[in-house]
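Trainee: Have a look at this one.
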Amino acid sequence: MFAVQLVAHAEPLTLGKDGTQRELFVDGHLIETLTGGVRQHLHKPEPREVVFVTDAPWEGNTSAYYTIFRDGDLFRMYYRASHWDTGSKKETHRELTCYAESRDGIHWVKPKLGLFEFNGSKDNNIIVDGLGTHCFVAFKDGNPDSPPEARYKGIARGRPVGKKGLYIFESPDGIRWRLTRNEPVITEGAFDSQNLAFWDAHTRQYREYHRTFVNGVRAIMTGTSSDFIHWAKPVLLTYQEGIPMQHLYTNAVQPYGRAPHLLIGFPTRYLPDEGQRVEPTLMTSRDGLHFHRWLDPVVPESAPKDRGGNRSNYMTWGLVEIPSRPNHLSVYATEAYYTGPDSRVRRFEYRKDGFVSIRAGGDAGELVTNPISLGRLAGRLTVNYQTHKNGAIRVAIEEPKGQSIAGYTLASCKPLKGDSLQQQVAWKDGGDISHLRRNHPTVRLRFEMKNADLFSLQFQPWLR
């Protein structure tokens with residue numbers, strides 16, 4: 001794990017246009033001080049069931065680069081289908097792009113689409129054959145100006161044919177695809193892994209993240225576009241001071257749905273001197289360029305199972321809520337790459353906002369936030385938290401330099417106990433803080449914690 005770099009702000013933090021933006025403790029943005037037995041804690045998602053096996057004749061043990069997203073009541077999956085004969089050390093068939101779908105995010109169907117032939121039959125789920133099949137990535141375009149025929153968009157390396165660079169694709173239904181341009185639209189970089197793009201509704205532009213090399217080390221570049229065709233010159237991502245340079249094979253960056261101003265990424269760290277094994281890590285950003293990286297793996301090699309081999313532990317691109325687990329978010333990671341007749345995808349599970357917490361053990365401590373401007377709709381404070389045996393959280397609202405505000409001290413706060421994604425904080429006189437905006441437009445929060453985890457906070461309108 002890497003110690004968080006706290007950020008001192010010259011101006012008070014503004015939590016969105018109206019002050020109701022949810023904030024997570026995934027970096028040092030909110031934090032002024034941590035004292036006593038309080039620290040930041042990186043969480044690992046809990047391993048669940050295997051949800052997908054690449055056992056069709058056109059798939060195999062090197063199937064990879066999965067994309068998973070929710071589209072209404074349907075979950076969509078896109079992936080490369082390929083197989084490597086470990087004896088002859090050769091591919092047994094050409095690479096293909098395939099499609100699967102699910103109603104619950106657990107049980108997946110490979111529909112017989114009849115689009116492309118494999119071994120004399122079109123009875124398969126192949127959606128792209130030829131240019132782009134090495135690492136095709138798809139997304140549903142949230143841009144309201146996107147035409148119906150391009151509602152779904154794709155991006156892919158030109159291999160096995162075509163020029164070096166990333167080509168773009170479009171589809172009206174997510175299944176039938178065509179090239180948007182006959183030339184690559186991004187040419188600076190190295191592209192032999194999962195490169196991706198998406199519509200960023202928060203900044204109203206397209207973003208792309210792709211592979212490159214810096215002094216022989218695998219790294220990540222990013223660029224932006226207003227139309228998905230013409231892209232700004234890509235630039236390298238930057239990280240917090242003191243972070244070591246490591247091979248990052250993929251990036252899995254996407255907006256976080258519960259706080260769209262945050263980008264969450266699961267870059268795969270590549271360890272060439274350790275049997276070429278890989279492990280997913282976590283990084284987050286507030287501007288799309290500067291990321292806070294955590295160094296401990298979020299899906300370690302010890303997670304079940306077959307993850308210790310060559311490239312056998314990639315996070316897929318996707319973070320979804322499935323119907324049977326409404327208080328949780330599912331991520332997926334691969335296993336058994338190269339080693340078997342096929343490979344697998346396993347589901348893992350976070351609690352919502354549960355990537356990083358402010359954690360207190362048996363020794364109580366305090367978190368003090370940077371000063372925060374109370375927006376026009378800030379009427380109550382809610383928190384996502386969990387307490388453990390003999391644990392509790394109390395909250396004070398203070399002046400920016402620490403002076404108490406009558407009625408909102410630690411002593412007057414009703415202790416928070418239990419487990420909630422959205423618990424309203426209350427003091428002796430209740431939880432309505434809307435009147436504070438008049439005389440205390442800027443405040444800071446003091447959390448006193450013991451045997452507890454604090455995941456996120458949000459000011460919300462007062463419910464009358």
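Where a number appears in this text, it was derived from the coordinates with a stated rule and is not lab data. This structure is a prediction, so every number in the text was calculated from the model and none was measured. Every residue, glycine as well, gets a Cβ built from its backbone with ideal geometry; the counts of neighbours run over all protein chains shown.
Trainee: Taking θ = phi - 60°, what integer Hz values does the Karplus form 6.51 cos²θ - 1.76 cosθ + 1.60 yield along the range 270-282, in sequence order, with x for Gly and Pro?
Mentor: In residue order, the calculated couplings are 9, 10, x, 8, 10, x, 6, 6, 9, 8, x, 10, 10 Hz.
Trainee: While we're on this one: By DSSP, what percent of the beta bridges with both residues in the chain are antiparallel, rounded to the nearest 5?
Mentor: On the way: 125 of 130 bridges.
Just about 95 percent of them are antiparallel.
Trainee: Calculate, in nm to one decimal, what Asp419 and Arg464 gain on full extension: separation in residues at 0.36 nm each, minus their alpha carbon distance.
Mentor: 13.7 nm
Trainee: When a/c reaches 1.5 or more, the comparison of a/b and b/c decides; with that in mind, is the range 189-291 rounded, prolate or oblate per its Cα gyration tensor?
Mentor: Values: a/c = 1.94, a/b = 1.51, b/c = 1.29.
Since a/c reaches 1.5 and a/b is larger than b/c, the shape of the range 189-291 is classed as prolate.
Trainee: Taking neighbour counts of Cβ atoms within 10 Å as a proxy for exposure, in what order, fewest first, do Ile229, Ile243, Ile68 appear? Could you put the intermediate results ahead of the total?
Mentor: On the way: Ile229 11, Ile243 16, Ile68 25.
With the sparsest Cβ surroundings first, the list reads Ile229, Ile243, Ile68.
Trainee: Let me ask another. Find me the longest stretch of the chain that has none of the exposed GluC sites (Glu not before Pro), where exposed means in a DSSP loop (not H, G, I, E or B) with at most 11 other Cβ atoms within 10 Å. Please report the intermediate quantities before stating the final value.
Mentor: Values: sites that count: Glu241, Glu274.
The answer is 1-240.
Trainee: Another question, then. Which value in nm describes the separation of the simple spin-label points at Lys163 and Asp287, placed 7 Å from the Cα toward the beta carbon?
Mentor: Using points 7 Å along Cα→Cβ, the separation is 3.2 nm.
Trainee: Ratio of the range 46-351's C-alpha Rg to 2.2 N^0.38 Å, to two decimals?
Mentor: Working: Rg = 18.0 Å, N = 306, 2.2 N^0.38 = 19.4 Å.
In units of the 2.2 N^0.38 Å rule of thumb, it is 0.93.
Trainee: Based on DSSP H runs of at least 4 residues, each adding -39500 (n - 2.57), what is the mean residue ellipticity at 222 nm of the chain after dividing by all its residues, to the nearest 500 deg cm²/dmol?
Mentor: Details: 1 runs with 4 residues, N = 464.
One gets 0 deg cm²/dmol as the mean residue ellipticity at 222 nm.
Trainee: Sticking with this structure for a sec: Could you work out the pair-distance distribution P(r) of the range 8-98 from its alpha-carbon pairs, with 5 angstrom bin width and percents rounded to whole numbers?
Mentor: Final binned percentages: 2, 9, 12, 12, 10, 10, 9, 9, 10, 8, 6, 3, 0.
Trainee: Something else: Kindly list the residues of the range 114-143 that lie in the label zone of Arg178, defined by a backbone N under 13 Å from the point 7 Å along the Cα-to-C-beta vector.
Mentor: Taking a point 7 Å out along Cα→Cβ of Arg178, no residue of the range 114-143 has its backbone N under 13 Å.
Trainee: Past the 19 Å Cα-Cα mark, which pairs from Lys44/Lys450; Lys389/Lys428; Lys90/Lys122; Lys414/Lys450?
Mentor: Values: Lys44/Lys450 21 Å; Lys389/Lys428 24 Å; Lys90/Lys122 25 Å; Lys414/Lys450 14 Å.
Flagged as over cut-off: Lys44/Lys450; Lys389/Lys428; Lys90/Lys122.
Trainee: Below 18 Å, Cα to Cα, which aspartates and glutamates can Lys89 reach? Residues fewer than 8 away in the same chain don't count.
Mentor: Within reach: Glu59, Asp342.
Trainee: Once Rh for the range 201-259 is found with the Kirkwood sum over Cα pairs, what is the Stokes-Einstein diffusion coefficient at 25 °C and 0.890 mPa s, in µm²/s? Write out the running numbers ahead of the final one.
Mentor: Numbers: Rh = 13.1 Å.
Answer from the Stokes-Einstein relation: 188 µm²/s.
Trainee: Hey, rough spin-label estimate for Asp296 and Ala232, points 7 angstrom out along Cα→Cβ, what's it come to in nanometres?
Mentor: 3.5 nm
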